[in-house]
Amino acid sequence: MTLAIDRNDTAIRAHAESYRQAAAGKRRQTLIGIAVFAACIWLSALGAEVDLGKLFENIGRFPNYIWQTLPTLRLATLGADLAEWYWGLFRWLRLLWQTVLIAYVGTVLGATGAFLLCFAAAANLGRAPWLRFGVRRFLEFCRTVPEIVFALIFVIAFGLGPLPGVLAIAIHTMGALGKLFSEVVENIDLKPVDGVTATGGNGWQVVRFAVVPQVLSNFASYALLRFEINVRGASIMGFVGAGGIGQDLIEAIRKFYYTDVSAIMLLIILAVMLIDLGTERLRHALLSLESRA
């Protein structure tokens, strides 16, 4: 059974008019938002001196450079061509392993610092406002300064080698993970916190028995994700002499050793791909364990 609607009814017409006005207002808001967004893009392009003419005029240079880096591989002499392409394979693998170790040690140190500071930065654990403010500003400083700038400073202080790269990655990782960890802490269930506090537990016991069990898997997942990012970041630390394969890569680019550029880039891509696949499996395993808990 259907009910007939009298479109001439005053109440129905009033509701229809109200709906049309609301829909028109929503469309106006959407159009205004699009216009403001487009204006911001245009102003940003002007400030950044984006020149589309220059872009389209020179865009062909990029694929040309990539094409020049590719080696000449012939089926009849494939073995010799590959050997010539990867003439420095063992050295590059050693430097690539050093790059991975730089990222690993920097991630461990940064994640440890983030773990120790995130509880003081969380707003829901009742820390002193001045302490929370100071810790948050410190973490902002750590993640705001680019890794390459930290690496330059540490190269001047400690000389060439992996140490400046490790310290640069550790500081930046601490700032980035500290923010993520504190946000995870702020989203926990406070009932276990209240329970431990009610039994007379101190601040350390609250963190140990009420907070950490809720956040540990997320902390590990974020740390693994950051390790992936740091492997990419460590690959360019050699640009400023901070160790790793980046030093050979920037030398090949500067000296126009085209085939060396493609060989090193392919090794880096393969290494990052394998690390991404491995850490992705670990993250999914940790998240599935948390969902079953």
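The table for this structure:
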{"quantity": "Thr173 vs. criteria surrounded by 20 or more Cβ atoms within 10 Å (Cβ to Cβ), among the β-branched types (Val, Ile, Thr) and either free of Cβ contacts under 8 Å to residues at least 24 places away in the same chain or touching a Lys or Arg at 6+ places or on another chain (Cβ under 7 Å) (or both)", "calculated": "yes"}
{"quantity": "Filter result (closer than 17 Å to Ile269 by Cα and in contact with a Leu (Cβ under 7 Å, 6 or more places away or on another chain)) within the stretch 62-92", "calculated": "Trp92"}
{"quantity": "Close pairs (9 angstrom Cβ cut-off, 6 or more residues apart or separate chains): charged (D, E, K, R) in the stretch 194-212, surrounded by 15 or more Cβ atoms within 10 Å (Cβ to Cβ) anywhere", "calculated": "Asp194/Ala210; Arg208/Val196; Arg208/Gly201"}
{"quantity": "Matching entry among Leu152, Leu190, Leu163 (being over 15 Å from the mean Cα position of the chain (by Cα), exposed (fewer than 15 other Cβ atoms within 10 Å of the Cβ), over 14 Å from Thr112 (Cα atoms) and in contact (Cβ under 8 Å) with a residue 40 or more places away in the chain)", "calculated": "Leu190"}
{"quantity": "Matching option when the condition is assigned to a helix (DSSP H, G or I) and either modelled with pLDDT under 85 or of a type in the set (A, V, I, L, M) (or both), among Ser18, Ser44", "calculated": "Ser18"}
{"quantity": "Filtered residue count, the stretch 233-274, keeping only those that are touching an Asp or Glu at 6+ places or on another chain (Cβ under 7 Å) and more than 20 Å from Thr173 (Cα to Cα)", "calculated": "2"}
{"quantity": "Pick from the stretch 116-142, criterion part of a helix (DSSP H, G or I) and open to solvent by 70 Å² or more (accessible area, probe 1.4 Å), ranking: farthest from Asp194 (Cα to Cα)", "calculated": "Phe141"}
{"quantity": "So Val185, is it in a helix (DSSP H, G or I), of a type outside the set (Ser, Thr, Tyr) and under 15 Å from Ala242 (Cα atoms)", "calculated": "no"}
{"quantity": "Filtered residues of the stretch 251-280 (kept if open to solvent by 40 Å² or more (accessible area, probe 1.4 Å) and in contact (Cβ under 8 Å) with a residue 12 or more places away in the chain)", "calculated": "Tyr258, Thr259, Met265"}
{"quantity": "Some residue of the stretch 232-250 being free of Cβ contacts under 8 Å to residues at least 12 places away in the same chain and part of a helix (DSSP H, G or I)", "calculated": "no"}
{"quantity": "Residue match in the stretch 171-180 (condition: within 21 Å of Ile236 (Cβ to Cβ), touching an Asp or Glu at 6+ places or on another chain (Cβ under 6 Å) and in a helix (DSSP H, G or I))", "calculated": "yes"}
{"quantity": "Matching residues, the stretch 65-114, being outside any helix (DSSP H, G or I) and surrounded by 13 or more Cβ atoms within 10 Å (Cβ to Cβ)", "calculated": "Pro71, Tyr86, Trp87, Gly88"}
{"quantity": "Subset tally (residues that are open to solvent by less than 10 Å² (accessible area, probe 1.4 Å) and within 12 Å of Ala170 (Cβ to Cβ)) for the stretch 220-232", "calculated": "1"}
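The values are calculated or read from the model by the stated rules, or taken from the named source; none is laboratory data. It should be emphasised that the depicted structure is a prediction, and the values quoted were computed from it without experimental measurement. Neighbour counts are summed over all protein chains in view; Cβ atoms, including those assigned to glycine, are modelled from backbone coordinates with ideal geometry. In case anyone asks, the SASA skips ligands and DNA or RNA and just uses the protein heavy atoms, side chains included. Shrake-Rupley method; radii C 1.70, N 1.55, O 1.52, S 1.80 Å.
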